1. Any chance you could count how many residues in segment 1-28 are closer than 19 Å to L83 by Cα and assigned to a helix (DSSP H, G or I)?
2. Here are some residues: A5, A24, A36, A64. Which one is surrounded by 13 or more Cβ atoms within 10 Å (Cβ to Cβ), among the hydrophobic types (A, V, I, L, M, F, W, C) and in the same structural domain as H98 (by TED's automatic domain parsing)?
3. Is there any pair linking a residue in segment 28-43 that is closer than 17 Å to F16 by Cα to one that is exposed (fewer than 11 other Cβ atoms within 10 Å of the Cβ), with Cβ under 9 Å and at least six apart or on different chains, and which?
4. Inside segment 68-103, can you point out the residues that are polar (S, T, N, Q) and outside any loop (DSSP other than H, G, I, E, B)?
5. Sort out which residues of segment 44-54 are surrounded by fewer than 18 Cβ atoms within 10 Å (Cβ to Cβ), farther than 16 Å from M1 by Cα and not β-branched (V, I, T), and write them in order of number.
6. Mind counting the residues in segment 29-59 that are in a loop (DSSP other than H, G, I, E, B) and among the small types (G, A, S)?
7. Name the single residue, out of those in segment 113-122 being over 16 Å from the mean Cα position of the chain (by Cα) and in a helix (DSSP H, G or I), that is farthest from Q73 (Cα to Cα).
Amino acid sequence: MSDVAQQGRDIRTKLFGEESLKMADDFLNNFDEGFARYLNDGLFGEVWNRPGLEPKIRSFMTVAVLIALGRAQEMRLHMRGALNLGITEGELKEIIVHVSHYSGVPTAIEAIRAFSEVTADK
């Protein structure tokens, strides 16, 4: 395994846990091995490990963008990841409130639903 592939796996494990990593790998590899490699190596191995921003800040940004886009399923996944990286429930709430002023109430309501589901799991 290349260094960048291992770095991708490492950050994904920190975000989502070993079990979720295995399920995601199975899901993505069953779809297309090249796409699975693109996400692991390109997004998580290279982008998430670039110097200049620590993973916690990248996680904040990812959650905010997913809220603004209304991508509920990925939002839930990345909210869990944010909590795993040490972002607090209070900080997630602040992201929702802040983003709602730019993306609108419907995206905030969807984010509140996701937040409620994710934090009920903890």
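The values are calculated or read from the model by the stated rules, or taken from the named source; none is laboratory data. Quick caveat, the model's predicted, so the values are computed rather than measured. All Cβ positions, glycine included, derive from the backbone under ideal geometry; neighbour counts span all protein chains shown.
1. Applying the first criterion (closer than 19 Å to L83 by Cα) to segment 1-28 yields 8-21, 24.
Subset that is assigned to a helix (DSSP H, G or I): 8-16, 18-21, 24.
The number of residues fulfilling the criteria is 14.
2. Working: A5 fails: in the same structural domain as H98 (by TED's automatic domain parsing); A24 fails: in the same structural domain as H98 (by TED's automatic domain parsing); A36 fails: in the same structural domain as H98 (by TED's automatic domain parsing).
Testing whether each residue is surrounded by 13 or more Cβ atoms within 10 Å (Cβ to Cβ), among the hydrophobic types (A, V, I, L, M, F, W, C) and in the same structural domain as H98 (by TED's automatic domain parsing) leaves just A64.
3. A36/F27; A36/N30; D41/S2
4. Q73, N84, S100, S103, listed by residue number.
5. Once the filter is applied, which keeps residues that are surrounded by fewer than 18 Cβ atoms within 10 Å (Cβ to Cβ), farther than 16 Å from M1 by Cα and not β-branched (V, I, T), segment 44-54 yields N49, R50, P51, G52, L53, E54.
6. Looking only at segment 29-59, we keep the residues that are in a loop (DSSP other than H, G, I, E, B), and these are 32, 48-54.
Next cut, among the small types (G, A, S) only: 52.
Within segment 29-59, residues that are in a loop (DSSP other than H, G, I, E, B) and among the small types (G, A, S) number 1.
7. Kept after step one, since they are over 16 Å from the mean Cα position of the chain (by Cα), are these residues of segment 113-122: 113, 116, 120-122.
The next check asks that each one be in a helix (DSSP H, G or I); those that pass are 113, 116, 120.
Values: R113: 11, S116: 13, A120: 16 Å.
Among those residues, the one meeting the criterion is A120.
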